[in-house]
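Okay, so here's the structure we're looking at.
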Amino acid sequence: MKDLIITNKILNWYDINKRSLPWRNKVSQEKKQYFTLVSEFMLQQTQVATVIPYFNRFIKNIPNIEKLSKYNDRKLTKLWEGLGYYSRVRNLKKTAQIIVKKFNKKIPRDFYELKSLPGIGDYTASAISAIAFNKPIIPLDGNIERVLKRYLYLKKQSQIKKEFLQDQKKIFGTSTKRSSDYAQALMELGALICKPTNPTCNKCPLSNNCKAFKNKNFDLVKFKKINKETYYKLNVYKKNNQYL
Ligand code: SF4
């Protein structure tokens, strides 16, 4: 019941406050899946505001997966110019070619089939599953992580490990009917309200139960990488009183 209240609060907030983004436009299911694939590749290392004009130009020139699979490499790189991390666009084309050949031009719905495609890891497979296929998955991106850490007031190193956060995100529950919107709603909440600095808690649908808000402490603890000691083996040879 508690989960349902959180879910509804966040979805209600999203319905009123979501940004109008080109990959959120109302289009056919097939187009939505293609838009999600392209936008998720672009968003892997780049901010939303930067991605928008690139996404629009990309879709105008390459409106579907089949065209992408055959698109000229030089022209493709030109469309990506300025976004950086060019391995993304190379992988995107390889992914399109596999989808055309192996999956009959349809983006696979199965998480593991998605993950088997070039350039798609755990996070991107989760995001595509949730956003394009309405699966009740919460993809743990930086925005959702931040909301979760503040909402639950996670400060210890053991609490900010990925595995721990993956487990804790169940606090947000799921929306079986609106999984796609719900995943985007949580990301949007982190991006617009629970920002890295100066979160606008007075506009946040979670403020009643948020522990960071209660404690008036919004600091985020960084994960400390433990430097593992490395050992090397060195063979020293001596001949005629000289080291070789
Ligand atoms: S109340 Fe404030 S700190 Fe808590 S989740 Fe909302 S914006 Fe973030």
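The values are calculated or read from the model by the stated rules, or taken from the named source; none is laboratory data. Given the structure is predicted, the values throughout are model-derived calculations rather than measurements. Quick reminder, even Gly has a Cβ in these numbers, built from the backbone with ideal geometry, and neighbours come from all protein chains shown. What goes into the accessible areas is simple: the full protein's heavy atoms, side chains included, and nothing from ligands, DNA or RNA. Shrake-Rupley method; radii C 1.70, N 1.55, O 1.52, S 1.80 Å.
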- prompt: What pairs come up if the first residue lies in segment 76-92 and is over 18 Å from Thr124 (Cα atoms), the second is surrounded by fewer than 17 Cβ atoms within 10 Å (Cβ to Cβ) and among the basic types (Lys, Arg), and their beta carbons are under 7 Å apart, counting only those six or more places apart or on different chains?
  reply: Leu79/Arg57
query: Which number in (1) touching a Lys or Arg at 6+ places or on another chain (Cβ under 6 Å); (2) open to solvent by 40 Å² or more (accessible area, probe 1.4 Å) marks the one condition that Lys9 misses?
result: (1)
task: Could you check, for segment 157-170, whether at least one of its residues is open to solvent by 40 Å² or more (accessible area, probe 1.4 Å), away from the ligand (no atom under 16 Å from the Cβ), of a type in the set (Asp, Glu) and over 22 Å from the mean Cα position of the chain (by Cα)?
output: no
- prompt: Would you say Lys101 is more than 15 Å from the ligand (Cβ to nearest atom), part of a helix (DSSP H, G or I) and of a type outside the set (Asp, Glu)?
  reply: yes
statement: Of the conditions (1) away from the ligand (no atom under 16 Å from the Cβ); (2) open to solvent by less than 20 Å² (accessible area, probe 1.4 Å); (3) farther than 16 Å from Lys9 by Cα, the single one that Arg150 does not satisfy is (1)
Criterion: open to solvent by 20 Å² or more (accessible area, probe 1.4 Å) and either aromatic (Phe, Trp, Tyr) or in contact with a Gly (Cβ under 9 Å, 6 or more places away or on another chain) (or both) - qualifying residue of Phe35, Phe103, Phe41: Phe103
task: Just need a number here: residues in segment 17-75 that are assigned to a helix (DSSP H, G or I) and small (Gly, Ala, Ser).
output: 3
